[in-house]
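Novice: Mind looking over this structure? Questions follow.
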Amino acid sequence: MTKRQRQLRSLRFECLLLPLVLLLALGFSLTQLGEELENLTLDWRFKARAPSDPPASPEVLVVGIDEDALAQLGRWPWSREVHAQFMQLLSTRPPAAVAFDLLFTEPSPDPKQDEMFGEALVLTTASITGAAAEPIDNKKKFEMDIAGNTKAITSIKGDIRRLVGHDTGLLPVGIIGESSKVGFVNAPPGPDGVRRQLPLVVRCGTHVFPSLVLQALLTREGVESDAVEVILGDCVRIKGRNHPWRIPIDDRGRMTVNYRHTDTFSAVSYPKLASKLRDNQGREWPKGIPPITGQTLFIGQMAEGLSDFGPTPLQPLVGLVMVHANAMSNILSGDYIQKPDFTQVIGIWSLIALLTIIPVRFGRIWMAVLVPAILTGAYVFAAFYFFQKQSLHLPLAWPVLGFTLVEGGSILHRLVIELRNKSRIKGMFGTYLSPKLVDQMVASGEDPRLGGHEAEITAFFSDIAGFSTFSEKLTPEQLVTLMNDYLTNMTDILLANGALVDKYIGDAIVAMFGAPRSMKGHAYFGCRAALLIQQRQLELREKWRKEPGWPGIVFEMQTRIGLNSGMAVVGNMGSTQRFSYTMMGDTVNLAARSESGAKSYGVFIMTTGETKALSEQHKDDIAFRFMERTVVKGRGTPAEMYEVVGFKDELSMKTKECLSLFQQGIDAYLAQKWDEATALFQRSDKLEIHSDFNPSKLLLERCEYMKAHPPGADWDGVHVMKTK
C-alpha cells in the first residue's frame, strides 16, 4: 500500500469518526453526568464573571433576617407580633411588593398574634406570604383553585405533570392567607445540591399557582393570575399594566437564574429597616437607605445556622432568599441567560474538530499536541468571554469532550498497528486470567506457554463451614445471590492486599500472595487479608440479618482459612489447548490441610510456623497462638500449627489473658505435666471466644487421654492427624 493510499484510507476513517463522535458527545450531553458537567462549567463562568457583575436591579431589595437581627430581636422563629409591627411600619412607605420567603403554615400559640399579623398585612395590597407544595402524610389531594388569596393559573399549554410540585401543600394559616397573596417558595436543588433553576409556576394538587417571584411580579403590575399565560418549554407571558412580560422557562416551568454577585444587591437588615421606618415617619427619607417605596422587597433568612440556606453557582452557602431576589432582578432587568442557535454550535464544533484532526493525523508530534490544544483553548475562552459580555451560554462540556474524543480517536488510529499484538493477547486471555497476570504477559512481549517456575509464596485456602447445609436451606436463586455477595466481598479484600485469585471451587477460594510478581511481606498480607475477611464476614452477617427472606443459618456463616508459606511451582498449567495460572507443591498442600484441619482445633484461621515467622519479619502487629506440632494427613513431616488470632492493638484484655494461660498450658502439656496443664486449659477455656468448641477444650481432652495413656519419655509433642 502506497503512502497516498494509506492517507486516503485514513481520511475515510476520519470521515466516519467525526459524525460518530458528534453523536456520542451529544448523547452524553443528555445524560445526568453530562448535565452535571455542563452545570459545573457554567458555575466556573459565573465565578469568573462575578468581579465584573453590574449592579442588580435597584427595584429589588433584600430584607435580611441576619445575625444582627437575631441579636436584637432574639432567637428564631420570632413572634408574629414582630412581623405585624414591621408591616405596620412598612405601610407608611408602601413598596410595590413585599414577599415573605417564610412559611406561616402553623397557627401561633396565641391566636391574637395571627390576627394582628393578618390585620397588618391588609394595610398594603402588596403583601405576599409563602406556601410550599410538599408531600404531607394522611392529607387529601389539594383540589381548590385558590391558595390563600391567590387564584390558580388557568392558561397553560403543556403537561402540568412535568411541573415542580406535589398533590398536597403547606399554605399560610387562616387570616394570614386571607390577608395576603400567596406565592410558592419551592426551589428544589439539582442533583449536586446547587439551585440553578427556579420554578415560576408550581403544581399543588390539581391546579397550578404562581411562585413567590411570579406573584411578586403580578403584584407589582397590579394584575391577577388570569393575566398569566404559561407555555411550557417556551415562556411565561404576562399582560402587565404598562407593558407585556415574557420570561423564558423550560418544560418544567423553571427559569434559569442568571446569578449576579450578592454584593451587587441592595440589602438591609430587618431590624435596621424597621428602625428607620419608625424614626422617619413624616420626615424626609434619609439618604443611603433604600427608598422602599416602589421597590420589591424579599424578606428571608440570611443568618448562618438558620435552615433556609444552600449552595448556588457563586457561593457554597447563602440564604436562599437570594435565589428569589436574583430571579426577580433578572426579570425586571431583562437579564436572562441566552442560548445560541444549536445548528450554529454544531457547525462551529465541526470546523474546529476537523482542524484538530489534520495535524494529529499528518503533522509532527509537536503539532499534533499544540494545534488541538490551541483550538480547544480558543473555544473555551470564547465560552467564558461571551458569557461575561452577553450572558451567552455556549455549551462547553460536550464540545470539549468531542474535541478530546476526535483527537484521541485519531491518535489511537495512528498507533493501532503497534497495539495490535498486545490487543490480541488481551483478547485471548483476558477473560480467564487475572488482570495483573495479563498485564505481565503483555509487558513481557512473549506469547503464553505451558510451564512454571519456583517462587516463594503464601498459599491461601478458604471454605465456608457447613456449606452443604446452606445448599439445603436456600433456594437456588438465594444461594447464587448469597455466594455472589460473599465472594465479591472476600475477593475485594484479597485483591486489595495483593493476592492473585487462582480459582473458585463452589464456596471455596484459592489464592496466592507473591505471584506472578514477587511480593515483599506476602505472608503478612496473607494473614492480614484473612483477618479482614473474618471482620467483613461479621459485617455481611449483620447486613443479611437486615434483609428479608434469609434463613437463620445465613446469620451464623463462618469461614475457615488455611495459610502456608514456602517454595512452590507457579505458572501456566493444563493442556496445550487450555491452561491457567496456578500453583502446585507441598507448600500448597499444607495450606489446604491447614484450612481443613482448622475445624479439628476449633479455630477459623490456621497457619504454619513458616508463615508466622515471615509475617513477623515484615510487621509484628498480628497475634498468633501456637496449637501444636502436627503431621497432617498425607504428609510425613510435622509442622508447627498456629491460629491467627487478630491484630494486637484490637485484642481485648480477656483475649490476651486467654492466650497467656493457653501458652502456659501448652508448656505444661509438652512437659507432660497433665494436671497443671489441665488446670491452665480450664482457666483459658472460660476466656475463649467460642464456648462450644475451641483449642482449650481440645487440649483438655488431650490431657485427659495422655494422663490415662502416658506417651513415654521420648514423646516430642507431635500429633498425627488421621483425617483431612
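The values are calculated or read from the model by the stated rules, or taken from the named source; none is laboratory data. Please read all numbers here as calculations on a predicted model, not as lab measurements. Glycine also receives a Cβ, built like all others from the backbone with ideal geometry; neighbour counts cover every protein chain displayed. For accessibility, only protein heavy atoms count, side chains too; no ligands or nucleic acids. Shrake-Rupley method; radii C 1.70, N 1.55, O 1.52, S 1.80 Å.
Novice: So, Arg683, is that one open to solvent by less than 60 Å² (accessible area, probe 1.4 Å) and among the basic types (Lys, Arg) or not?
Specialist: Considered against the rule, which asks whether it is open to solvent by less than 60 Å² (accessible area, probe 1.4 Å) and among the basic types (Lys, Arg), Arg683 comes out as no.
Novice: Could you tell me which of the residues Leu314, Leu355, Leu320 is without any contact (Cβ under 8 Å) to a residue 40 or more places away in the chain and more than 24 Å from Gly233 (Cβ to Cβ)?
Specialist: Every option except Leu355 fails the conditions.
Novice: Do we find a residue being under 20 Å from Gly253 (Cβ atoms), more than 34 Å from the chain's Cα centre (by Cα), touching a residue at least 12 places away in the same chain (Cβ under 8 Å) and not in a loop (DSSP other than H, G, I, E, B) anywhere in the range 158-181?
Specialist: Yes, some residue in the range 158-181 is under 20 Å from Gly253 (Cβ atoms), more than 34 Å from the chain's Cα centre (by Cα), touching a residue at least 12 places away in the same chain (Cβ under 8 Å) and not in a loop (DSSP other than H, G, I, E, B).
Matching residues to (1) open to solvent by 40 Å² or more (accessible area, probe 1.4 Å); (2) assigned to a loop (DSSP other than H, G, I, E, B):
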| position | (1), (2) |
| --- | --- |
| Leu273 | no, no |
| Lys287 | yes, yes |
| Ile292 | no, yes |
| Ile299 | no, no |
| Ala327 | no, no |
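Novice: Does Glu106 qualify as being touching a helix residue (DSSP H, G or I) at 6+ places or on another chain (Cβ under 7 Å), charged (D, E, K, R) and open to solvent by 40 Å² or more (accessible area, probe 1.4 Å)?
Specialist: no
Novice: Please work out if Arg625 is open to solvent by 10 Å² or more (accessible area, probe 1.4 Å) and at pLDDT below 95.
Specialist: Answer is no for this residue.
Novice: Just checking, how many residues over the range 329-344 are open to solvent by 40 Å² or more (accessible area, probe 1.4 Å), over 16 Å from Phe384 (Cα atoms) and not in a helix (DSSP H, G or I)?
Specialist: 2
Novice: Which residue pairs have Cβ atoms under 6 Å apart, sit 6 or more places apart or on different chains, and have a first residue in the range 185-197 that is open to solvent by 30 Å² or more (accessible area, probe 1.4 Å) and a second that is acidic (Asp, Glu)?
Specialist: Asp192/Glu36
Novice: Considering only the range 550-604, state which residues are open to solvent by 10 Å² or more (accessible area, probe 1.4 Å), of a type outside the set (Ser, Thr, Tyr), part of a strand (DSSP E or B) and on the phi < 0 side of the Ramachandran plot.
Specialist: If the condition is that a residue be open to solvent by 10 Å² or more (accessible area, probe 1.4 Å), of a type outside the set (Ser, Thr, Tyr), part of a strand (DSSP E or B) and on the phi < 0 side of the Ramachandran plot, then Arg560, Met567, Val569, Asn572, Met573, Phe579, Met583, Met584 are the ones that fit.
Novice: For the structure I just gave you, tell me whether Arg449 is outside any helix (DSSP H, G or I), basic (Lys, Arg) and either modelled with pLDDT of 75 or more or within 30 Å of Met584 (Cβ to Cβ) (or both).
Specialist: In short, yes.
Novice: Additional query: Surrounded by fewer than 24 Cβ atoms within 10 Å (Cβ to Cβ) and either in a strand (DSSP E or B) or in contact (Cβ under 8 Å) with a residue 60 or more places away in the chain (or both), is that true of Arg241?
Specialist: Here the answer is no, as Arg241 does not meet what is asked.
Novice: Name the one entry in Ile561, Ile622, Ile605 that is among the aliphatic types (A, V, I, L, M) and over 21 Å from Thr491 (Cβ atoms).
Specialist: Within the list Ile561, Ile622, Ile605, the selection yields Ile622.
Novice: Still on this structure, please answer the following. How many of the residues in the range 605-622 are outside any helix (DSSP H, G or I) and either in contact with a strand residue (DSSP E or B) (Cβ under 7 Å, 6 or more places away or on another chain) or open to solvent by less than 10 Å² (accessible area, probe 1.4 Å) (or both)?
Specialist: 6
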